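The values are calculated or read from the model by the stated rules, or taken from the named source; none is laboratory data. Remember, predicted model here, so these are calculated numbers, not experimental data. So basically every Cβ, Gly included, is an ideal-geometry build from the backbone, and we count neighbours across all protein chains shown.
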Amino acid sequence: MAEEEINLPSLVIVLLITGLAVRYFFFSGNASSANRQPGGTGGASPEELQRRREREREAAVETIQQMFPQVDRRTILWDLQRHGGNLQATTERILAGRTETPPITFQPPPPPTSPETTATQQSAAAANKYAEKKAHPDLITRYNLKDKLASAPSDDAGAATAGAPKTGGWSSNREERQSLLQKRRDQMIIEARRKMEAKIAAEKAAAAASGAAGGNN
Amino acid sequence: MSLNVAQRRLLQEYRSLTNNPPEGITAGPISEDDLLHWECLIQGPEGTPFEGGVFPAELKFPNDYPHMPPSMKFLGDVFHPNVYPSGLVCISILHPPGDDPNHYETASERWSPIQSVEKILLSVMSMLAEPNDESPANVEAAKMWRERRSEYETRVKVSVRASLGL
């Protein structure tokens with residue numbers, strides 16, 4: 001009887017210790033990882049939370065905008081804010097055309113361009129060329145010159161040389177001035193493009209020739 | 001429509017640029033409704049990696065032009081030590097009048113009302129040919145220009161071709 005009585009408390013103690021040990025292991029694992037995340041960004045957990053909320057909100061806005069590009073960001077944000085950020089509910093309201101126009105006083109947070117642009121600026125160092133190329137359409141697209149470029153090159157060149165002295169003048173008519181300026185601009189680009197095309201063709205020919213000659217080297 | 005000093009001066013400059021356009025430059029207001037906002041095209045100078053290219057840029061004039069200089073921003077990719085990655089051009093003629101507090105530039109190099117759009121555009125053209133790497137606007141470009149010239153030139157040539165859709 002006495003032995004059993006000693007056994008029972010010791011059993012309890014053993015159980016308690018294992019329990020504590022297990023708890024310690026699990027809990028400490030959780031606690032340390034939970035502490036580390038905000039700790040890494042300077043120990044500001046409310047800030048981290050705020051950022052996470054912003055990210056979630058931006059993700060929601062983006063998703064909705066992909067579905068409904070005609071709905072502006074402000075309306076989406078207003079609806080999300082009014083209805084607790086429920087993406088599904090907002091989507092349904094937009095579908096049903098039941099979104100409200102946000103009041104003038106509603107100042108939505110700006111789109112996350114600033115953090116993103118700084119991020120791209122940083123990564124731009126590596127992918128500078130590609131990023132910028134994507135950002136700027138080429139001149140032909142920019143000035144809508146595809147059709148003019150497609151028209152017979154010889155015709156255009158003739159018109160360009162013939163038209164050059166004429167387009168140099170100042171017209172007293174405002175609209176005419178505007179269109180002459182545009183014409184000069186277009187011409188400059190088309191000429192540059194043609195010259196570059198010719199240059200590339202010449203380079204290719206030269207490369208082919210030197211390639212053939214290079215066979216002897 | 002009555003024009004203020006800035007607008008009158010700009011119209012006059014527009015006129016002289018149209019009558020006697022400098023080689024490789026086309027410039028004028030995007031719309032005459034707003035004479036303070038111009039767009040121009042600059043040809044890449046020959047004998048430089050920019051050769052063959054045409055570079056669009058916008059000029060924005062302040063209300064007190066010609067007392068204060070305009071700002072100039074390239075609208076395409078111009079990889080150059082004196083052009084910010086955003087396209088903004090950084091040369092002395094575009095800096096407000098007076099002496100440079102850092103003594104880099106003399107007052108005569110900076111903007112003054114006797115300068116003009118034409119002079120700006122010609123300065124930018126020569127800047128394309130001869131970068132000034134004393135105070136770079138694009139550090140990456142300045143570094144590459146200084147240390148790996150051939151890579152810099154290739155980089156520029158590639159972007160010139162891309163800008164022409166080639």
Would you confirm, using the coordinates I've provided, whether B:Tyr65 is away from chain A (no Cβ under 14 Å), of a type outside the set (A, V, I, L, M), closer than 30 Å to A:Ile189 by Cβ and crowded, with 21+ Cβ neighbours inside 10 Å?
yes
Within segment A:65-109, restricting to residues that are surrounded by fewer than 17 Cβ atoms within 10 Å (Cβ to Cβ) and of a type in the set (Phe, Trp, Tyr), the one that is nearest to A:Glu54 (Cα to Cα) is A:Phe106
Q. For segment B:122-129, does any single residue satisfy the condition of being among the hydroxyl-bearing types (Ser, Thr, Tyr) and exposed (fewer than 14 other Cβ atoms within 10 Å of the Cβ)?
A. yes
Next on the checklist: modelled with pLDDT of 90 or more and within 14 Å of chain A (Cβ to nearest Cβ): is that true of B:Lys157 in this structure?
Outcome noted: yes
Exercise. Can you confirm whether segment B:117-129 contains a residue that is within 14 Å of chain A (Cβ to nearest Cβ), closer than 28 Å to B:Leu36 by Cβ and in a loop (DSSP other than H, G, I, E, B)?
Key: no
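For every residue, the table says whether it meets (1) surrounded by fewer than 20 Cβ atoms within 10 Å (Cβ to Cβ); (2) over 12 Å from the mean Cα position of the chain (by Cα); (3) more than 9 Å from chain A (Cβ to nearest Cβ); (4) in a strand (DSSP E or B).
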{"residue": "B:Thr18", "(1), (2), (3), (4)": "no, yes, no, no"}
{"residue": "B:Ala27", "(1), (2), (3), (4)": "no, no, no, yes"}
{"residue": "B:Ser31", "(1), (2), (3), (4)": "yes, yes, no, no"}
{"residue": "B:Asp34", "(1), (2), (3), (4)": "yes, yes, yes, no"}
{"residue": "B:Leu41", "(1), (2), (3), (4)": "no, no, no, yes"}
{"residue": "B:Phe50", "(1), (2), (3), (4)": "no, yes, yes, no"}
{"residue": "B:Pro56", "(1), (2), (3), (4)": "no, no, no, yes"}
Report task. Check whether at least one residue in segment B:78-94 is in contact with an Asp or Glu (Cβ under 6 Å, 6 or more places away or on another chain), within 19 Å of A:Asp138 (Cα to Cα), within 14 Å of chain A (Cβ to nearest Cβ) and assigned to a strand (DSSP E or B), and report yes or no. Result -> no
Inside segment B:68-83, the number of residues satisfying the requirement of being closer than 23 Å to B:Thr106 by Cβ and either among the aromatic types (Phe, Trp, Tyr) or free of Cβ contacts under 8 Å to residues at least 40 places away in the same chain (or both) is 1
